[in-house]
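Novice: To start, I am sharing the structure in question, which I have written as C-alpha cells.
The values are calculated or read from the model by the stated rules, or taken from the named source; none is laboratory data. Here the structure is a predicted model, which means the values were calculated and not measured. FYI the Cβ positions are ideal-geometry reconstructions off the backbone, even for glycines, and counts take in every protein chain you see.
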Amino acid sequence: MRQIYSIKITSIRGGLKWPLDVFGMVVARDVLEIDRKRNIIFARARSNCQTITHEHPYLELTGPTRAVVTCLDPGNIEVMLKVKGADESEDRDLSFLVLTLQNHRHRRYDKDYTSKRSTLELTFGHIESSVEATISVRLVGGSSWPEGFQGVLTASIASTDDAEVVLLVLITNCLLLVMMA
C-alpha cells in the first residue's frame, strides 16, 4: 500500500506571491482493476480554498479514502491545483502534473516535482502490512477547547522510521482536520 504523508508547496514563481488561496484536486489512481477511479487525496472547491503561506506550506490532505494499492503497477498521482484570483477570470494555474510513483519498499521518500508556477514536495512511502482504522477525537469534560490550547494529533507505524501522518491540528482555538489516514 502506498501512503501519502504530505504535499508541500516548496516554491512559487510566474508572478505568484504568498499567501496563496489554493483549490483543486490531488488524486491517486492505482492498480485495482475493479476501481480505476480517482482516490481523492486533496479536494477543495473555489469557494472553500485553503490559504497556503510560506510559513505553513502544506496542503490539508483529506484522503485517500481507501488504500492506494501499488503491487506491480506503481500507479499515478494526478495534481490539478489553482490559485484563486479576484474573480474566476483571474484564477491562475498552480500545478498540473501526472506523477508515476515507483515502488520503494519499506522506505519513506521526499521527492520534488516542478511545474510552470510551482514546485511540490511529495512525501510518500510503501507500507507492506497495513490496516485501516477509524480515529475519532472527542472533547470530554466541557463543550469547547480550553483557552490557548494548541496541539497536533499524529499517527505512525513502527515499521516506517520517521513517518508520522498528521491527523489534526489545533492552533489558537481553531481545530483543523488535516488528514484521514
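Novice: Restricting the stretch 138-170 to residues that are part of a loop (DSSP other than H, G, I, E, B) and polar (S, T, N, Q), which is modelled with the highest pLDDT?
Specialist: Looking only at the stretch 138-170, we keep the residues that are part of a loop (DSSP other than H, G, I, E, B), and these are 138-150, 157-163.
Subsequent filtering for residues that are polar (S, T, N, Q) retains 143-144, 150, 159-160.
Working: SER143: 66, SER144: 70, GLN150: 77, SER159: 63, THR160: 63.
Step by step, filter the stretch 138-170, then rank; the result is GLN150.
Novice: Confirm whether VAL68 is buried (at least 16 other Cβ atoms within 10 Å of the Cβ) and modelled with pLDDT of 90 or more. Show your work before the answer.
Specialist: Working: buried (at least 16 other Cβ atoms within 10 Å of the Cβ): yes; modelled with pLDDT of 90 or more: no.
Judged against the criteria, VAL68 is not a match.
Novice: Among (1) in contact with a Cys (Cβ under 9 Å, 6 or more places away or on another chain); (2) at pLDDT below 85, which single condition is LYS84 missing?
Specialist: Here LYS84 meets the rest and fails (2).
Novice: Right, another one. Pairs under 8 Å by beta carbon, first residue surrounded by fewer than 19 Cβ atoms within 10 Å (Cβ to Cβ) in the stretch 2-15, partner acidic (Asp, Glu), six or more apart or different chains?
Specialist: LYS8/GLU121; THR10/ASP112; THR10/GLU121
Novice: Now a separate question. Is it the case that some residue within the stretch 90-113 is within 29 Å of GLY14 (Cβ to Cβ), at pLDDT 95 or above and loosely packed, with under 11 Cβ neighbours inside 10 Å?
Specialist: Yes: one or more hits.
Novice: Another question about this same structure. Against the definition (more than 16 Å from the chain's Cα centre (by Cα), at pLDDT 75 or above and among the hydrophobic types (A, V, I, L, M, F, W, C)), how does ALA43 come out, yes or no?
Specialist: no
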